[in-house]
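Let me begin by presenting the structure, written as structure tokens, before commenting on it.
Please treat every number below as a calculation from the coordinates, not as lab data. Quick caveat, the model's predicted, so the values are computed rather than measured. Note that we place each Cβ from the backbone using ideal geometry, even for glycine, and neighbour counts take in every protein chain shown.
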Amino acid sequence: MPFFRSMCLSVWGVSLALAFAPVHAGEILAAPQMPPARSASASIDRIIVSYRTDATERTVSTAALQHVQAAIAAIGLDGAQTSHRAAPLAASYQRTLATGAHLIKLSRNLSPGEQDALVQRLMSDPAVAYAEPDLRLQPVRDVAVPTAIKATEPDDPDYAKYQWHLRGAPGGASVSDAWDLADGEGVVVAVLDTGITQHPDIDLSLADAGYDFITSAFLSGRDADGRVPGGWDLGDWTTTEPWLSACEVDGKGRNSTWHGTHVAGTVAELTGNGTGMAGVAPRAKVLPVRVLGHCGGSSSDIAEAIVWASGGHVEGVPDNMHPAQVINLSLGGQGSCASQSVTAQAIAEANKRGTTVVVAAGNSNSDVANFTPANCPGVIAVASNGITGQRARYYSNYGSLITLSAPGGGIFKDDAASGDIANPEGFVWSAINLGATVPEQPGYIGNAGTSMAAPHVSGAVALVHGALKDAGEAMPTPDAMRQILVQSARPFPVAVDRPIGAGIIDANAAVKLALAGGPAPDPVTELSRGVVLGNQSAPAGGSRLYSIKVPAGALDLNIRTMAGVGDVMLFVKAGAVPQDGVEADFVSAKAGNSEAVIVSEPSADTYYLRVKSDRPFAGLSVLATYRL
């Protein structure tokens, strides 16, 4: 069972706190120590079950509970306790999630073996679309290097000194060049994280409009279970009980991370106000949504927060009056993300509403294919580079599922995997709170991690939306936004040691490309009736476009994909090119490469076929035929 963590280098790297003492040139900093990786949590006591649309359990909660209880009995976990067995397992109903899945509470924690047995039993039932544990997502712990600064000059005095990551080549995001064209005004960015704290350099006008989605009092630190209005960060420290013994494997605990404040500052820290530092989209509105608290947060809560932040309805929570155009998820951990999982379903719903979802790739120096939600369908997965434009080799995840890279800090000089710490250019600088546990004085901090890379991309998305809004143009779909970012990405200035996407985010080029009409149209391959076109391929997040001309009087248009490796989706539309399932007339999205769309009485028109996947596909065959 994976752990999910906020993707800054607080467990996996370094943070530099800024308070009041100046940083001196030549100051020697201690090398960061990589904390040991955490094992899978043993505290899973809730399970999420999604039923197929035609199953009674889909809409009847009592039937869903009875079904889970039957599965518990079938694997022998409901029997009387003996000397060599755990206590009998019982189930109770919690709630129906916004995705339609059911959250079931178990009477005790499951061992890994029990968890696997229960999930497999449920998945073997044809009525079940997907079953999964309600994973606990955890923010990472900071390994701090104690240095500090104080802002004393007007006009964002520390921007020039510290914020290399907002400037251009070789490793920056080219944000400052984009400010002549856009500032994100009128755009809402939802930051799903630890919440936000009071800070003079952040627009907090939507802080009360945000929401605390943590349902557990143990995780939230509040007096009772349940959600409450406001996106405020109450602290997520684990230095005291009950969290120290329950959440920390090394017994040391950690102070509050104020992670959400740092991420929010990177997205939209106020700029040109004579205070502190700058943000990527300084006039965008940050909607803080608290999903991570003491010991982390639950995937069920995060999934519903994604739905709510994008404008969907969540039972028991007032509808969001400020739907987000982009959601930032700087969290994650080991695991897969099947398209039927609750997180993937929530992301799909957000995408359908036009919300782009940006996710940190992870800080384990491993293939992102093994880390969720960065490997979920429909997301923009962001790796981290340092000031030289190289992959942050000390920590950044990599692989074919990465969309692109963004500055997250390399920690060491020349972005090496080890050596002398680079201060300040080894880190990404932003707002923070200086309280050890509860909120106290505002300040600034340098962090390194893919948590810091992701909000650069979220801010760039906000700049694109703002520029198009000012120009009176239509807003791009999440698919179109992905293509804008990929096609405008700046090539890596040096050869990267591992694949981390199309290049480095270039906010200025992305805005210009969007204003110029968007990404170049895809080439269209015309199919011949009844002729198989083989050996088709595309990279992760890519697609291929085909067409078939259907004459008048044709019947039984049959469009298929087959063979090869991957997991593709097929979108079909008559007379126009579909970008995704929202725009398509017909969709086929089964597991694997075997997809089919059959139109019994097609119109006389050109039918366009888009074959796409969030994972690479290769060796695919495409066929279109009809009867005359």
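In the chain, taking the dipole from charged Cβ atoms about the Cα centre, the farthest positive-side position among Gly449, Tyr211, Val496 is held by Val496.
With bins 10 Å wide beginning at 0, the percent of Cα pairs of the chain falling in each bin runs 3, 17, 27, 26, 17, 8, 2, 0, 0. Here the chain is assigned +1 on the Cβ of each Lys and Arg and -1 on the Cβ of each Asp and Glu. Its dipole about the Cα centre then comes out at about 1300 debye.
Equivalent-ellipsoid semi-axes for the stretch 524-627 (Cα gyration tensor, √(5λ), whole Å, largest first): 21, 14, 11.
Entry note, the chain: relative contact order of 14 percent, from Cα contacts under 8 Å with a spacing of 6+ residues. Taking every C-alpha pair closer than 8 Å and separated by at least 6 residues, the mean separation divided by the residue count of the stretch 46-134 gives a relative contact order of 42 percent.
Taking every alpha-carbon pair under 8 Å whose residues sit at least 6 apart, the stretch 158-251 reaches a relative contact order of 18 percent. Positive-end ranking of Thr194, Pro133, Gly386 along the dipole of the chain, with charges on Cβ about the Cα centre, is headed by Pro133. If I take R0 = 35 Å and measure r between the Cβ atoms of Ala224 and Ser400 in this structure, what FRET efficiency does the formula 1/(1 + (r/R0)^6) give, to the nearest 0.05? E(calc), rounded to 0.05, equals 0.20.
Taking other C-beta atoms within 10 angstrom as a stand-in for reagent exposure, Asp212, Asp125, Asp236 fall in the order Asp125, Asp212, Asp236, fewest first. Checking every one of the GluC sites (Glu not before Pro) in the stretch 526-628 against DSSP loop status and a limit of 16 other Cβ atoms within 10 Å picks out Glu583. Computed from backbone phi with θ = phi - 60° and the Karplus coefficients 6.51, -1.76 and 1.60, the 3J(HN,Hα) list for the stretch 416-421 is 6, 7, 6, x, 7, 5 Hz; x is used for glycine and proline. Measuring max minus min along each principal axis, the C-alpha atoms of the stretch 453-554 give extents of 51, 42, 18 Å (largest first). When Met475, Met277, Met321 are sorted by how many other C-beta atoms sit within 10 angstrom of their C-beta, beginning with the fewest, the order is Met321, Met475, Met277.
The phi-based Karplus calculation (6.51 cos²θ - 1.76 cosθ + 1.60; θ = phi - 60°) puts the 3J(HN,Hα) values of the stretch 247-262 at 10, 9, 7, 9, x, 8, x, 8, 6, 4, 8, 6, 4, x, 5, 5 Hz, whole numbers, x for Gly and Pro.
Taking 20 Å as the straight-line reach from the Cα of Lys161, the aspartates and glutamates in range (excluding those fewer than 8 positions away in the same chain) are Glu27, Glu153, Asp177, Asp201, Glu269, Asp414, Asp415, Asp420, Glu425.
When the trypsin sites (Lys or Arg not before Pro) in the stretch 211-281 are filtered for DSSP coil states and for at most 14 other beta-carbon atoms within 10 Å of their beta-carbon, the remaining sites are Lys252. Cross-link pairs exceeding 27 Å in C-alpha to C-alpha distance, out of Lys549/Lys590; Lys352/Lys573; Lys352/Lys469; Lys252/Lys285, comprise Lys252/Lys285.
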